[in-house]
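S.K.: Quick one: the structure is below, questions incoming.
The values are calculated or read from the model by the stated rules, or taken from the named source; none is laboratory data. Quick caveat: nothing in here was measured; it's all calculated off a predicted structure. For neighbour counting, all protein chains shown are included, and Cβ atoms are generated from backbone atoms with ideal geometry for every residue, glycine included. In case anyone asks, the SASA skips ligands and DNA or RNA and just uses the protein heavy atoms, side chains included. Shrake-Rupley method; radii C 1.70, N 1.55, O 1.52, S 1.80 Å.
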Amino acid sequence: AEMDDGTELSLTIAQIVQRLKGSHLHSQIERQAKECLHQPEIKLESLKEDVQLPPSHPSAPPEHLKEPLAYMRKAQASWEKRVLKSLNSMSTELEVPLARMRPAVEQKELTNKWNEMGTDEPDLSRFRPVYAPKDFLEVLIGLRNPNHDSSEDVSIKSHWGLIQVPLNVRDIPQLRRAYSELNLTSGQLGIDDHAHIHPGIYQKFTYISFVVEQDSAAAQQYSRQGCPTGLRADLWALILNSTNQPQDVMHYEQLMAGVIQHDLLVDNLIYKDVKLTASNDDYYFVFEDFLYQVLLCFSRDTAVLEHFKYNSATPPRSYIQGETINLLWTGVIPFHGFSMYVAPLCFLYNEPSKLYSVFREMYIRYFFRLHSISSSPSGIVSLCLQFERLLQTHLPQLFYHLRQIGAQPLRIAFKWMVRGFSGYLSTDQLLLLWDRILGYDSLEVVAVLAAAVFAFRAENLMEVTSLASAEVGSCIIIMPIVLCGSFFKS
Amino acid sequence: MSDSADDIKPVSCTIKPPVYLQIGDTKTDPSHSGVCVVDVTLPFGKPVNIEEITFKNYYTAYVTVRLLRRSPGQEVPAKWSTTLRDLPLMDNPHTEGGSQDYFSIHRTQMQVEPDHVVSVRLILRQPSFAWLTFSLEDIRIFPHMEPDPEKEVSDWLSDLTLVDQHPDLEGLPDPQTVSSSIQQMWALTEVMQTNQTTASIGRFDVDGCYDINLLSLT
């Protein structure tokens, strides 16, 4: 009898959830829930009891919720320590404090040139990026599970790649099922437009119904086949539940005030990164000022920290006069290329607070997983492993050849994946890719695309004789989604 | 609804060291069969009615739970029965998913009523060659408590199913717009309140000083 009550209750709850999903109330509840998490009385550890959920399993400690595997937590902690140590050394060597209050004169100056920080040419020659993607790759290559038996005679499948942790990644048949909307027989926006399939009217109707109804779930489903250029900004904002309400604008202005009032060492790293990457890019150099405005504020947005309960990373702390304090700093250290996460969004949003809001959501849902060590299926470790597995399974000759010439495929593809392909695809292509990241709520498509690129270039790559020429042979990609689709077919 | 596990203390029991079954001559060539048995004996003379069994996994793929039960009063000897067979703990025995997760087996999931239990036997299976070892950690057994006669959750849920009724709104503004604008105003007041208590960067500096030269590395 107890069993029946349980299942009846679950059914009722499932029905209610089903009816709620896709309604305006659902997005409102989601927003309210997010806001509630900011309240000091709500602690994530006790949230289960507070909400009176039936006991399913014992409340696992918070670090387990962030990352269930102990060795991954350890690896992330030691990587963080290394990076922070590097930052500390930089601060000491260059005699620049990690954080300081700006004097009034400086504050006034900065306020005046807030909208044209790009015209500034500060001397950044002393600053070097704290790390580059290839440094991070070395850490991932060194990841080992202490309980994993990797002796040769025991391994069931000899893995040719660099990633040595046995995470579960999907194979082609599973991917084909999960990404059915990408199969070559369904129309894809941005690719099939020229085939005289007129999207117009149907798209306009669906757009009206999503945006007017504020149906976030439907917008997400829609995004799987690509968003029309004119509607993308609104659709993404809807999917990410990112609004531009007065409290969001106020929050952004508070962050701006924070930037004016105090200076972080990390600011110099941001300047340097923007100058080195986005400013040199043909597509993004025009947005230089926006990038500073977003990234400097993002650096200081400690509200972001509270969402990091599910990020294996931990925010850094410091001391003032003997007291431990939390820093007015998210702790995100921009690596070389970090600003490329923001750059493509500048094409969609021209209002700084809106641009900021969307970037922040994208970061705390997706981008952070590309540069932290975790076992998440969207985490960079899984993506790397998936890329290697796909390649080894479907292009074994190519993989073998590249290995022989000392050009492990991951060494070429890693930098594409870490940036979500930003800077390696033309913007219109990139935005189509990011449509799918939002549509499927997963970064998996990035790994599939990386493998598809190799498949596309297989003939050329079979003839290269060094890593350098392999790098050249695999750049400039066209129509990424078609590549993914055809990869699924093979 | 039963109380959360935190309110009830686990039963003190003896967890015997795991016994890994071996194939072949243990002296010359011990190869793991991928099967391990963990016996958990409950205090002698005090059979327990089990509410749930909780544990932390360490690379075990499947667990089977057997119970030794002795019916009270009768002179019948205690009997072993299987109450849960091959519960999967890992999605794929060869890969990490579920390998270090926390689990709980509730009495409602058991095929045999876990009452008057004298001993629990957990049979762990890990068929994959990928792992050096496998086990379960932090095994706890929670006793069944009689639930308080409180209002069932389903009662107040059914009160909510009046969703489809549209109240008569003559001359009154639409409740949805009113509620959303009130929510916006409320959110603004909340923001103002938080602004008050945490005066700009006041809580991040010490006596007006915010010169930071070293990050904590612990």
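S.K.: Going by amide H atoms built from the backbone, whose H comes under 5 Å of the H on B:W131, apart from near neighbours?
M.R.: A:D149
S.K.: Please list 3J(HN,Hα) in residue order for the stretch A:239-255, calculated via the Karplus relation 6.51 cos²θ - 1.76 cosθ + 1.60 where θ = phi - 60°; whole Hz, with x for glycine and proline.
M.R.: Result, rounded to whole Hz: 4, 7, 6, 9, 10, 10, 7, x, 5, 6, 4, 4, 4, 4, 5, 4, 5.
S.K.: Enter the mean number of other protein chain beta carbons within 10 Å of the beta carbon of each residue in A:390-400, as an integer.
M.R.: 0
S.K.: What is the packing order of peptides A:273-285, A:99-111, taking the mean over residues of other C-beta atoms within 10 Å and listing the highest first?
M.R.: For the peptides A:273-285, A:99-111, the packing ranking is A:273-285, A:99-111.
S.K.: Using θ = phi - 60° and the Karplus relation 6.51 cos²θ - 1.76 cosθ + 1.60, list the HN-Hα couplings for the stretch A:137-149 in order, rounded to whole Hz, with x at every Gly or Pro.
M.R.: Taking θ as phi minus 60°, the curve returns 4, 4, 5, 5, 5, x, 5, 9, 8, x, 9, 8, 8 Hz for the stretch A:137-149.
S.K.: Beyond 24 Å between alpha-carbons counts as too far, so tell me which of A:K66/A:K354; A:K85/B:K56; B:K9/B:K79; A:K134/A:K275; A:K85/A:K134 fall in that bin.
M.R.: Correct reply: A:K66/A:K354; A:K85/B:K56; B:K9/B:K79.
S.K.: From the square roots a ≥ b ≥ c of the eigenvalues of the alpha-carbon gyration tensor of the stretch A:352-473, which class results: rounded (a/c under 1.5), prolate (a/b over b/c), or oblate?
M.R.: Because a/c hits 1.5 or more and a/b exceeds b/c, the stretch A:352-473 counts as prolate.
S.K.: Could you give log10 I(q)/I(0) at q = 0.16, 0.25 Å⁻¹ for the stretch A:331-382, computed by the Debye formula over C-alpha point scatterers of equal weight, without solvent?
M.R.: Debye output, listed in q order: -0.51, -1.01.
S.K.: Here's another thing I want to ask about it. For a test of the definition: using alpha carbon positions, the gyration tensor, and the 1.5 limit on a/c, classify the stretch A:99-142 as rounded, prolate or oblate.
M.R.: Judged from the Cα gyration tensor, the stretch A:99-142 comes out prolate (a/c at least 1.5, a/b above b/c).
S.K.: Could you work out the mean projected area of the convex hull around the alpha carbons of the stretch A:62-148, in square nanometres to one decimal?
M.R.: 9.3
S.K.: State, in square angstrom and to the nearest 100, the accessible area buried between chains A and B, both chains counted, probe radius 1.4 Å.
M.R.: 5600
S.K.: Along the Cα→Cβ direction, 7 angstrom out, place labels at A:Q404 and B:N49. What is the inter-label distance in nm?
M.R.: 7.2
S.K.: Per Stokes-Einstein, at 37 °C and 0.692 mPa s, what whole-number D in µm² s⁻¹ belongs to the stretch B:19-126, with the Kirkwood radius over Cα pairs as the hydrodynamic radius?
M.R.: Rounded to a whole number, D works out at 216 µm²/s.
S.K.: Could you tell me whether the stretch A:220-305 comes out rounded, prolate or oblate from its Cα gyration tensor? Rule is a ≥ b ≥ c as square roots of the eigenvalues, rounded for a/c under 1.5, then prolate if a/b exceeds b/c, otherwise oblate.
M.R.: Oblate shape, in that a/c is at least 1.5 and b/c is the bigger or equal ratio.
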